[in-house]
1. With a Förster radius of 41 Å, plug the Cβ-Cβ distance of B:Leu9 and B:Arg49 into 1/(1 + (r/R0)^6) and report the FRET value to the nearest 0.05.
2. What is the calculated FRET efficiency for B:Lys139 to B:Asn217, with r their C-beta to C-beta distance and R₀ = 56 Å, to the nearest 0.05?
3. Explain nothing, just compute: Karplus ³J(HN,Hα) = 6.51 cos²θ - 1.76 cosθ + 1.60, θ = phi - 60°, for every residue of the stretch B:269-279 in order, whole Hz, x for Gly and Pro.
4. Any idea which of B:Ile474, A:Phe80, B:Leu54 is furthest toward the positive side of the dipole for the protein assembly as shown, if Lys and Arg beta-carbons carry +1 and Asp and Glu beta-carbons -1?
5. Under a Cβ-only charge scheme (Lys and Arg +1, Asp and Glu -1), can you give me the dipole magnitude of the stretch B:203-310 about the Cα centre, in debye to the nearest 20?
6. Rounded if a/c is under 1.5, else prolate if a/b is larger than b/c, else oblate: which is the stretch A:20-67, with a ≥ b ≥ c the root eigenvalues of its Cα gyration tensor?
7. Enter the mean number of other protein chain beta carbons within 10 Å of the beta carbon of each residue in B:356-368, as an integer.
8. Just list whichever of A:Lys121/B:Lys462; A:Lys19/A:Lys92; A:Lys24/A:Lys132 have alpha carbons separated by over 20 Å in the model shown.
Amino acid sequence: MLKKVLCVDDDPITLMLCKKVIIKAAFSEEIIFANNGKDAIDLIDNFSSHKNDNQVEMPQLIFLDLNMPIMNGWDFLKQFQENYAKDFSKTKVIILSSTIDPSDHNKAKQYENIVSHFLSKPITVEMLEELKPLYS
Amino acid sequence: MAIITHLLLKDYFQQNTKALITFHFLKDVLFIIIAGLIIRFVIAKNDKRNINILEQLQSSTTEIKDSNERYDIVAKATSDTIWDWKIQEDMFVWNKGIQGVFGYKKEDVGTTSTWWFDRIHPEDSLKMSVKLYSFLEQKTERWQDEYRFKCADGSYKYVFDRGFLLFDNEGKAVRMIGAIQDITKQKEEEQRLKLLETVITQTKDAVVITDTDTSENPIPNIIFVNEAFTKMTGYKPKEVIGKSPIMFAGPKADRKELEKLSNAIQKYKECFIETISYKKNGTEYWVNFSMIPVTNKDGEHTHWISIQRDVTKEKEQQSEREQLIRELTQNNKDLKQFSYITSHNFRAPLSNLTGLLNLLDDVPVENEELQEILNGFRRSTQLLNETIDDLVKVVIIKDNPSILKESVSIIEIFENVFFQLSNQINLHKPNLKIEIDPELCITINKAYMESIILNLVSNALKYRSPEKTPKITIKAFDKDNFVNLVIKDNGIGIDLEKNHDKIFGLYQRFHDHPDSKGLGLYLVKSQIEAMGGSIEVESQVNKGTQFTLTFKK
């Protein structure tokens, strides 16, 4: 089981679903949430400033939506890569989106070192069962 | 004298008879001698004259003979056809040219003028005979004419005929001699040139011919313009001949293009340019301008031919077209984006719904009514999901005309589809008949092909006849460079007479079936066409439907 995951989505129902599925699949011990890219960056920035504090552990995995207000998934990835990827090289991002735009897949390739999967919503228990061995 | 002497001396000699006899004797002798001398003198003179005449006669006979011989030689040697017409007797003699040039056999050549006239082209004969008769009547001094003369094979040759008359002592024309020259080749060349000339004079393109002198101007001076040029520019020939076409350039002329032109002219190379040019009245127009060097037989560069066309309208249309294309491209881009956004917006809540329903699977529901309602939710969500998946597929196909293709075994595709449909196959237990060569491969996009076959086979199950056991026959065979796939069922069929044009259309539903979304066949057709294939349908109500798919191997 993973220690901590971060779910970034502006839709509360999606976040609720994520939480329930992660719990059901026993995927992670701790789940934290952010409502958009900006919130997520703020969270990560906080982890970054307390890097040496054992109590504040950086999430191992980020489930990231693409279409969000304030800061979308792509801008989040850009900032994350520029400012935090070096410090948190173990943290991977899974894009979880309902997009059908094929160009999104090409865009995701620019972040190959960060983005490990590009999944289509909804998140399911089966999905997590498959992912689990890759991250534990 | 003898009588006078006799009368004078008669009395004197009456007395002397002896003396008289002697006198007479002497007188006669004298007379004979004198007369003899006179006669001899006269004869000798005449004789001399006769000899002269004879000599003259002899020499003129030789001349005639020589001249006749010369005529024969010339008639034989010339390539012309010579004819000789004794007018009063109407005797007409041809030299060998009539055989050599016109192909007549010796025995077929006529000996009267009628034979000649009969062989003159009907369109030329009237004009020709009028001229000829006025010559024969000596109203004109010379006769020469062009006409068409019939050959032995029935074809006509253009000829040039020249003749002269011979007269008798009274000045009457008795004989006419003519020489016919075959000018067919010249005539044909003349006509060809005339035809070529009409191209220049009649064409709608402006034609300008210039010399090659670039000492004054980078573009040499005009020596000819056709009518189309005058029509296009408003300049009459006399206003431009001797001037350089550079005079048509103006403030908006494309300097780069003009430079290109003068460079080409310096190198004697042909050149095509497009620029704004100016008419006589100052109007701007777009001209498509070509400049082609012309050389003479010796390869010397003698002229430039320039063909010019007013392309203002085309240019306007082109810019309108470009504008339209830009707008359409933008619209298309916007619509594409719109379709991505709407499908995303549909899919986001729907995926939540699906996810939530998934979670419910493990929650025990006691209430039967609730269970029923939940089942309804599930069914509707599933249907909505399928619809949106199909829509998304359509959007993606339309956006990606080029797709990845690979060689795939046909039987493998069907196996995958049957696996996906195993629930339905188990449920309806159709009579499946499959005739596919396991070796047969096809170059297609595997995902598309599976989607197509899944759609068609599930349609065959969905629209089965309630009275019959479903029977589905699947065949695949290659023919020339094509692979044909046939999927045939014995279902309820489609009324093609009513629906033939709509069958592959978007949102066309032919059956009141709860699962019918009106998308399937549209998607099938889109996918097939995206792979360069085609689909045809045959169907009869209550008998069944057959789809035939054709792909390049």
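1. Calculated transfer efficiency: 0.50.
2. E(calc), rounded to 0.05, equals 0.50.
3. 10, 5, 8, 10, 9, 10, 8, 7, 10, 10, 7
4. B:Leu54
5. My answer is approximately 280 debye.
6. oblate
7. 2
8. Violating the 20 Å limit, Cα to Cα: A:Lys121/B:Lys462.
Laboratory data are not the source of any read-out in this text; all were calculated from the coordinates shown. From a predicted model like this one, the values you see are computed outputs, not experimental measurements. In this analysis, Cβ positions are derived from the backbone assuming ideal geometry, glycine residues included, and neighbour counts consider all displayed protein chains.
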